[in-house]
Amino acid sequence: MAIILGIESSCDETSASVCIDGVIASNIIANQTIHHQYGGVVPELASRVHQQNIIPAVHQAIVEAKINKNQIDAVAFTRGPGLLGSLLVGTSFAKAFALANEIPLVEINHMQAHILAHFIPNQMEDKKLPQFPFICLTVSGGHTQIVLVKDYFEMEILGETTDDAAGEAFDKTAKILELPYPGGPLIDQYAKTGNPHAYQFPEPQIPGLNFSFSGLKTSILYFIRDNVKQNPNFVQENLADICASVQYRIVSILLNKLKKAAQEQQIKDIAIAGGVSANSGLRTALTGLAQQKGWNVFIPKFEYCTDNAAMIAIAGYYKFLKKDFVGQEIAPLARMPF
Ligand code: KG4
Ligand code: ZN
């Protein structure tokens, strides 16, 4: 039997999870609402709140998993990428916990963990898992990547954003529309009743499998500014249509590159991961595309899309099986390649 404690603190969620033999027994997520009033995550505040939340989150994860802390075999933590001050809290906690309990320490790359969330069991109705090699579109607040997943920890980035991430495109649009942070889920909500073809936003022509979202952001900004000049209530009167049209464009940019990657690699097992994979427009469009193309698609459960420690714990479990441990000298990395 292997019991792994997972710790996630890379951005603004403090999370702890217990994984028992590859099954998630608890996944506690403490959200930080303090950032909402600032319209984005304030790094200095985030690390302070992590510091307050981490011990209660771990305690609750252990209680909910109905285990004793002495039964834990290893502690896995997010080493990067992320906000350095936030990562330091989780890393320091994990190191101290490992030292005090004389158990191994496992470092996890946050972006790989988003992908490995697919190996948390019972997410698909037919209990299918993606088969290596598969392609994963990882879309979060800080990253947008198309990844060729050859094995649990053998991954190659085929394409990524050259500027903003897809989540940023959602969040920055929300800011322009004066919606609170984080805007992605709200745009998703308003888009449900809007017409996705009401307004046309440009699709950038970026070669290969890379993405760019900064041009789209600028065109949305000018579009809103020009229309508000004509009608000060333009946004309020057309919010659903604006959100639906923006979402439609972001989703089409993502899926067109995904189609290209699948075609080039001749791969039919296609997954999505990261916070933006919670987007209902993306989920529906991907499911439709999969039927057309004969793909097997893997879409994580909502709770495993945005940041969570269950994905860290499951990734930690697979590293534990390989005895892939790190020492007490380990330090977090704001940027962390695969
Ligand atoms: O993976 P994640 O929780 O944190 C990072 O690692 O960045 O992703 C957060 C991002 C935010 O930009 C948020 O607006 C976006 O995911 N997001 C969504 C939705 N839910 C979260 N974007 C669009 N639609 C959603 N339903
Ligand atoms: Zn994330």
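The values are calculated or read from the model by the stated rules, or taken from the named source; none is laboratory data. None of these values were measured; they are calculated from a predicted model. A quick note on method: Cβ atoms are made from the backbone with ideal geometry, for glycine too, and the neighbour counts reach across all protein chains shown.
Please state which one of Phe211, Phe170, Phe223 is hydrophobic (A, V, I, L, M, F, W, C), touching a Gly at 6+ places or on another chain (Cβ under 8 Å) and more than 13 Å from ligand 1 (Cβ to nearest atom).
That would be Phe211, the only listed residue that is hydrophobic (A, V, I, L, M, F, W, C), touching a Gly at 6+ places or on another chain (Cβ under 8 Å) and more than 13 Å from ligand 1 (Cβ to nearest atom).
Just for the range 189-222: of the residues that are of a type in the set (Phe, Trp, Tyr) and part of a loop (DSSP other than H, G, I, E, B), which one is farthest from Val139 (Cα to Cα)?
Tyr199
Is it the case, given these coordinates, that Thr306 is among the β-branched types (Val, Ile, Thr) and surrounded by fewer than 16 Cβ atoms within 10 Å (Cβ to Cβ)?
No; evaluated as a whole, the condition is false for this residue.
If the requirement is being away from ligand 2 (no atom under 16 Å from the Cβ), in contact with a Phe, Trp or Tyr (Cβ under 8 Å, 6 or more places away or on another chain) and under 26 Å from Gly183 (Cα atoms), which of these qualifies: Ile312, Ile267, Ile250?
Only one candidate qualifies: Ile250.
Exactly one of these conditions fails for Ile267: (1) more than 16 Å from ligand 1 (Cβ to nearest atom); (2) outside any loop (DSSP other than H, G, I, E, B); (3) under 23 Å from Phe298 (Cα atoms). Give me its number.
Single failed check for Ile267: (2).
Check off (1) closer than 27 Å to Leu99 by Cβ; (2) surrounded by 19 or more Cβ atoms within 10 Å (Cβ to Cβ); (3) within 22 Å of the chain's Cα centre (by Cα) for Ala334 and give me the number that stays unchecked.
(2)
Within the group Asn101, Asn27, Asn70, which residue is modelled with pLDDT of 95 or more and closer than 19 Å to Ile115 by Cα?
After applying the criteria, what remains is Asn27.
Mind listing whichever residues of the range 90-115 are of a type in the set (Val, Ile, Thr), away from ligand 1 (no atom under 16 Å from the Cβ) and in contact (Cβ under 8 Å) with a residue 40 or more places away in the chain?
Listed by number, the residues that qualify are Thr91, Val106.
I'd like the full set of residues that are part of a helix (DSSP H, G or I), surrounded by 17 or more Cβ atoms within 10 Å (Cβ to Cβ) and either over 18 Å from the mean Cα position of the chain (by Cα) or of a type outside the set (A, V, I, L, M, F, W, C) (or both), limited to the range 270-288.
Hits for the range 270-288 are Gly275, Ser277, Gly281, Arg283, Ala285.
Tell me, which residue of the range 119-142 that is surrounded by 18 or more Cβ atoms within 10 Å (Cβ to Cβ) and under 20 Å from Ala285 (Cβ atoms) is nearest to ligand 1 (Cβ to nearest atom)?
Ser140
Tell me the strands (runs of 3 or more DSSP E) entirely within the range 101-173 that contain at least 2 residues that are more than 16 Å from the chain's Cα centre (by Cα) and at negative phi.
Answer list for the range 101-173: 105-109, 144-151, 154-160.
This table checks each residue for (1) farther than 30 Å from Val75 by Cβ; (2) touching a residue at least 40 places away in the same chain (Cβ under 8 Å); (3) not acidic (Asp, Glu).
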position	(1), (2), (3)
Ile267	yes, yes, yes
Gly274	no, yes, yes
Asn279	yes, yes, yes
Val297	yes, no, yes
Met311	no, yes, yes
Phe338	no, yes, yes
